[in-house]
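Colleague: The structure is given below, and queries will be raised subsequently.
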Amino acid sequence: METTTKKIGIINGPNLNLLGNREPAVYGSKSFEEYLEALQGQFVGYEIDYFQSNHEGLLIDKLHEWADEKEGIIINAGAYSHTSIAIADAIGAIHTPVIEVHISNIYKRESYRHHSYLSAKCVGKIVGLGLEGYKLALYYFK
Ligand code: CA2
């Protein structure tokens with residue numbers, strides 16, 4: 001019997017490497033690597049690749065690289081979501097469906113976090129559900 005693997009990429013942007021270390025009241029107390037390990041156990045038959053960078057251009061390079069490789073991409077571009085037309089353009093330029101995730105409820109926070117340049121280029125967006133947002137996005141790609 002033939003088995004297929006679903007290839008999904010998760011991209012986290014600036015400061016998300018600090019998850020689990022600081023601001024647990026806003027972002028929780030688990031590192032993303034810990035969370036990802038648990039996710040990988042729950043999503044058998046998935047190949048989930050993870051990339052984090054604090055640099056805008058590297059996030060764009062990864063979107064280009066994964067465009068033909070992945071069936072779906074989940075992105076939390078952090079604060080670049082609110083500023084980066086370049087990342088929005090990169091998402092708009094690829095055919096792979098992209099889901100935007102935010103750990104916190106950006107609409108309950110400062111008004112400058114309410115707008116994301118990425119949202120209109122993504123198939124959908126999940127906000128405010130903590131790290132579980134990434135899991136829900138994975139279900140979409142099932
Ligand atoms: O809620 C989200 O996921 C955000 O994308 C997180 C970004 C923020 O700029 C967005 O407005 C909303 C910030 C990520 C910072 O992550 C930290 C994690 C732990 C400690 C400090 C920062």
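Colleague: What's the total number of residues in segment 107-126 that are of a type outside the set (Lys, Arg) and open to solvent by 40 Å² or more (accessible area, probe 1.4 Å)? Reasoning before the result, please.
Modeller: Of segment 107-126, the ones of a type outside the set (Lys, Arg) are 107, 110-112, 114-120, 122-124, 126.
Among the residues that remain, those that are also open to solvent by 40 Å² or more (accessible area, probe 1.4 Å) are: 107, 110-112, 114-115, 117, 120, 123.
So the answer is 9.
Colleague: Something else now. Could you count how many residues in segment 120-142 are among the hydroxyl-bearing types (Ser, Thr, Tyr) and over 16 Å from ASN105 (Cα atoms)?
Modeller: Of segment 120-142, the ones among the hydroxyl-bearing types (Ser, Thr, Tyr) are 134, 139-140.
Okay, now just the ones that are also over 16 Å from ASN105 (Cα atoms), so 139-140.
The total comes to 2.
Colleague: Run GLY9 past the list (1) assigned to a loop (DSSP other than H, G, I, E, B); (2) away from the ligand (no atom under 16 Å from the Cβ) and report the number of the one that doesn't hold.
Modeller: That leaves (1) as the condition not met.
The values are calculated or read from the model by the stated rules, or taken from the named source; none is laboratory data. Remember, it's a predicted structure, so these values are computed and weren't measured experimentally. Note: ideal-geometry Cβ built from the backbone for every residue, glycine included; neighbour counts use all protein chains shown. The protein model used for the area step is the full one, side chains on, heavy atoms only, and it has no ligands, DNA or RNA in it. Shrake-Rupley method; radii C 1.70, N 1.55, O 1.52, S 1.80 Å.
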